[in-house]
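Some notes on the structure that comes next.
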Amino acid sequence: MNKELIINSAPQGVEIALLEDKKLVELHNEKADASFAVGDLYLGKVRKLIPGLNAAFVDVGFEKDAFLHYTDLSPYAKSLLKFTQQSIGDTNGSFDFGKFEVEAEIVKTGKINEVLGGKPNVLVQILKEPIAAKGPRLSCEISLPGRFVVITPFNDVVAVSRKIHSADERKRLQKIIEAIKPKNFGVIVRTAAEGKNTAELHEDLLALVETWKAIQHNLKSAVAPAKILSEQTKTTSMLRDLLNEDFNRIVVNDRNLYNDTKTYIQRIAPDKADIVSFYHNGSPIFDQYGVTKQVKAAFGKTVNLPSGAYLIIEHTEALHVIDVNSGYKSVSNNQEQNALETNMEAAEEIARQLRLRDLGGIIVVDFIDMKLPENKKKLMDAMESMMKPDRAKHAVLPISKFGLMQITRQRMKPELNINTMEVCPSCNGTGKISSSLVLEDEIEKNLNYLITHKHSNLTLAVHPIMYAYLTKGWIFSKFWKWKRHFKQNIKLQSNTNYHLTEFHFYDDHEEEIKL
């Protein structure tokens, strides 16, 4: 699979398109004034405890207080509170995290008052961006992701990604990390670490430890609410998480962003540095690489499939609903086989749509009914397989007796919703245009005005439908009557670029006459 990252920089922000085999699968927007991104760390002030919800509202500087549930506190919440207070008070820089004494873990079934009773200042991480009228969702389970490993302070656990299937490789990675891991840090080994040597893993780990030291430094004398550390830009975070041997092109249209991206690639994967290129060909970068066209085709209520089948995607307050329709698709006379093939095609597009629009929560898919259990199993397996590249946590449930498939997908930020409709140039969005009879009178009135003011050899250009209307009947046509009435040589032309009610007059030098 070939992967390409097309990066469009504009004054209002950066748009990032991920293409897999030339097909748009992810679209990300990073606004120039964006704040409260997932992964950002803040020093927050606990404002209100809600025992009924077992949660707290925390001021992190957003217009609405952020939400922190007890289940997101982390077992090491007491250690985090202690670390936060010690770091804030460490004015002389003597605090050594390697000698930090970790506090006892909190119980899973505890109460929020027991941990945050004094409404202290606490270091928190953005778990979900603000969505609709809700403030950010917070977590005290601090994690700092690198390319090969993720560090989690206050514990000494080493875990290896389950996606690394080889038992020998898992043991090898576990031994390496246990040998190089600093005290008071837990480490999660990512899938990308498979096959990497000790030096590469150690370099990644040291970079993350330095980031933790930067957090500790930024907490000195900090006053809540305050941003302590920003997650990397969308571009670099995507490269960190996605960059692999399948990547063959990264195209950027901004010189500064190009230099930053090139520098980042040279640091994390020097052998991939030559895949970054600077685009300066004049035309919009998204047009050049076919992104704009794919956006127009992929967003909207109706999504057409190559076979003639189509999807209807509806959004409600509680969930998303996707209806699969066969359209004019008819491969054979076997209805069951037709249903299976259409559903398989739809499943591939649905998996893409979930990533592209970043749909979260519950998604209900109404596939075309199939009777055979083995076909339902095939569809279920195909859906799971097609959603494997999706980085958001998700679960696919078997098709119910009503023919519905339920999918849950992690919601991290607001759904990407792009309006692909354009205002009709004929009616300006009103849904109504002038009657052709009225248009005919308007043309005749303008024609009369021009001839009265000594214009001759006129050419009238109209839409092809209006052209057909004016020439209908030839000898008895409206256009023939105009020529006879005005006793002038008038030419009539059709122009497919005009909208239905548009018309223009030209002189004998083919220059437009402004009315």
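Observations, loosely collected:
- Selection count, the range 484-515, where residues are open to solvent by less than 100 Å² (accessible area, probe 1.4 Å), of a type in the set (A, V, I, L, M) and in contact (Cβ under 8 Å) with a residue 60 or more places away in the chain: 2
- Candidate set: the range 356-377, residues that are within 17 Å of LEU305 (Cβ to Cβ) and open to solvent by 20 Å² or more (accessible area, probe 1.4 Å); chosen: the one modelled with the highest pLDDT: ASP366
- Single residue of the range 361-376 satisfying the filter (assigned to a helix (DSSP H, G or I) and in contact (Cβ under 8 Å) with a residue 12 or more places away in the chain) that is nearest to the chain's Cα centre (by Cα): LYS376
Per-residue answers, yes or no, for (1) over 24 Å from ASN259 (Cβ atoms); (2) outside any helix (DSSP H, G or I); (3) open to solvent by 50 Å² or more (accessible area, probe 1.4 Å); (4) in contact with a Pro (Cβ under 9 Å, 6 or more places away or on another chain):
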{"site": "GLU4", "(1), (2), (3), (4)": "no, yes, no, no"}
{"site": "ILE7", "(1), (2), (3), (4)": "no, yes, no, no"}
{"site": "GLU15", "(1), (2), (3), (4)": "no, yes, yes, no"}
{"site": "LEU24", "(1), (2), (3), (4)": "yes, yes, no, no"}
{"site": "HIS28", "(1), (2), (3), (4)": "no, yes, no, no"}
{"site": "ALA37", "(1), (2), (3), (4)": "no, yes, no, no"}
{"site": "GLY44", "(1), (2), (3), (4)": "yes, yes, no, yes"}
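- Hits in the range 449-478 (condition: closer than 20 Å to LEU515 by Cα and assigned to a helix (DSSP H, G or I)): TYR449, LEU450, ILE451, THR452, MET466
- Selection of the range 50-78 for residues being open to solvent by less than 20 Å² (accessible area, probe 1.4 Å), over 13 Å from ILE126 (Cβ atoms) and aliphatic (A, V, I, L, M) yields ALA55, ALA56, LEU73, ALA77.
- Any hit, the range 478-496, residues being charged (D, E, K, R) and in contact with a strand residue (DSSP E or B) (Cβ under 7 Å, 6 or more places away or on another chain): yes
- When the strands (runs of 3 or more DSSP E) confined to the range 266-319 are screened for residues that are open to solvent by 20 Å² or more (accessible area, probe 1.4 Å) and touching a residue at least 24 places away in the same chain (Cβ under 8 Å), those reaching at least 1 such residues are found at 276-278, 310-315.
- From the list TYR264, TYR289, the one residue that fits, being out of contact with any Ser or Thr (no Cβ under 6 Å at 6 or more places or on another chain) and more than 17 Å from GLU349 (Cβ to Cβ), is TYR289.
- Looking only at the range 124-133, and only at residues there that are in contact with a Phe, Trp or Tyr (Cβ under 7 Å, 6 or more places away or on another chain) and assigned to a strand (DSSP E or B), the one that is farthest from VAL46 (Cα to Cα): ILE126
- Among residues of the range 52-64 that are at positive phi, none has a Cβ under 7 angstrom from a residue that is of a type in the set (Val, Ile, Thr) and assigned to a loop (DSSP other than H, G, I, E, B) at a sequence gap of 6+ or on a separate chain.
- Of all the criteria given as (1) open to solvent by less than 40 Å² (accessible area, probe 1.4 Å); (2) within 23 Å of ASN184 (Cα to Cα), the one not satisfied by VAL102 is (1).
- Top-ranked residue in the range 93-116 [being of a type in the set (S, T, N, Q) and outside any helix (DSSP H, G or I); ranked as nearest to LEU219 (Cα to Cα)]: SER94
- Residue, nearest to GLU510 (Cα to Cα), within the range 442-466, restricted to residues that are out of contact with any helix residue (DSSP H, G or I) (no Cβ under 8 Å at 6 or more places or on another chain), open to solvent by less than 80 Å² (accessible area, probe 1.4 Å) and among the polar types (S, T, N, Q): THR459
- Near pairs, Cβ below 6 angstrom, 6+ apart or cross-chain, from the range 338-353 (open to solvent by 10 Å² or more (accessible area, probe 1.4 Å)) to any residue that is among the hydrophobic types (A, V, I, L, M, F, W, C) and assigned to a helix (DSSP H, G or I): MET344/ALA382; GLU348/MET386
- Among the conditions (1) in a strand (DSSP E or B); (2) at pLDDT 90 or above; (3) crowded, with 18+ Cβ neighbours inside 10 Å, the only one that ASP323 does not satisfy is (3).
- Qualifying residue in the range 409-430 (condition: hydroxyl-bearing (Ser, Thr, Tyr), modelled with pLDDT under 85, open to solvent by 40 Å² or more (accessible area, probe 1.4 Å) and in a loop (DSSP other than H, G, I, E, B)): yes
- Selection from the range 74-92 of residues that are part of a loop (DSSP other than H, G, I, E, B) and touching a residue at least 24 places away in the same chain (Cβ under 8 Å): SER74, PRO75, TYR76, ASP90, THR91
The values are calculated or read from the model by the stated rules, or taken from the named source; none is laboratory data. Since the structure is predicted, the reported quantities are computational estimates derived from the model, not experimental observations. No Cβ is skipped: glycine too gets one built from the backbone with ideal geometry, and neighbour counts run over all protein chains shown. To get the accessible areas, we keep the full protein, side chains included, count just its heavy atoms, and leave off ligands, DNA and RNA. Shrake-Rupley method; radii C 1.70, N 1.55, O 1.52, S 1.80 Å.
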